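> Following this message is one structure expressed as structure tokens.
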Amino acid sequence: MDQQFLGLNMTTWVAVFTFGLVAVGSIQACVYALMHRTTKAIERAWIHVETLDIEPGGKDDRVIAIGLKNSGHTPARIVKANVTVRGTEDVRDEGGGVTITEIKDLPDEPRYDDDDFAPPGILAAGEFTRFRYRIHIVNETNWNLLTLTPGEDRNLWIYGYVWFTDIFSPQRVRKYGWARQYDPILSKRSGEFRFAHISKPKYYYAD
């Protein structure tokens, strides 16, 4: 006859003890997995645009100087990057004439220009670097950038993206999107081009 303790026989106590061990093991596994994910999130590479400036170029061009920073704790390998300028569009009349007209806002869905520049290949942990994108061909979208002086009240947006990988997920391409809007008030006060962050969902994102 089985001995009993606190109303339970030995077989039942063995089952309870076994269940307890399994439960503790499961909790420990969940805690470890959570700690591992948290460590990866802290240590992984994080790319963001820290500065955006307009530099004088040649006679008929300007240079967009973008400051990229890896605020993570591991290196990032830049796979692809983009810079797009918007401020105007061309409107065609019935006679075939073309007028460059200022746009009022960005569309909900971003449209990116073709990539035609090489960003830095590797950003070390904590590294800040600047790359330059020269605008030298006038078209229907960048007219404001090439003709604007700081403080003029016109519409201008510069946006783009950076795709990169890190050592934790070398096969996964992480994507960071950014967007800035020209601020005529701050630009007038400083005498230099100044831009404000904008948070349109499909323009600004990070994963």
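All of the numbers you see were taken from the coordinates with simple rules; none came from a lab. What you see is a predicted model; the values in this text were computed from it and never measured. Don't worry about glycine lacking a Cβ; one is built from the backbone with ideal geometry, like all the others, and counts go over all protein chains shown.
> Once the convex hull of the C-alpha atoms of region 44-206 is built, how many Å³ does it hold per residue, rounded to a whole number?
Convex hull volume per residue, Cα atoms: 128 Å³.
> Right, next: Can you pull out the trypsin sites (Lys or Arg not before Pro) in region 169-207 whose DSSP state is coil and whose Cβ has at most 14 other Cβ atoms within 10 Å? Please list the in-between numbers first.
Values: sites: ARG172, ARG174, LYS175, ARG180, LYS188, ARG189, ARG194, LYS202; in loops: ARG172, ARG194, LYS202.
Passing both the DSSP loop test and the Cβ count: ARG172, LYS202.
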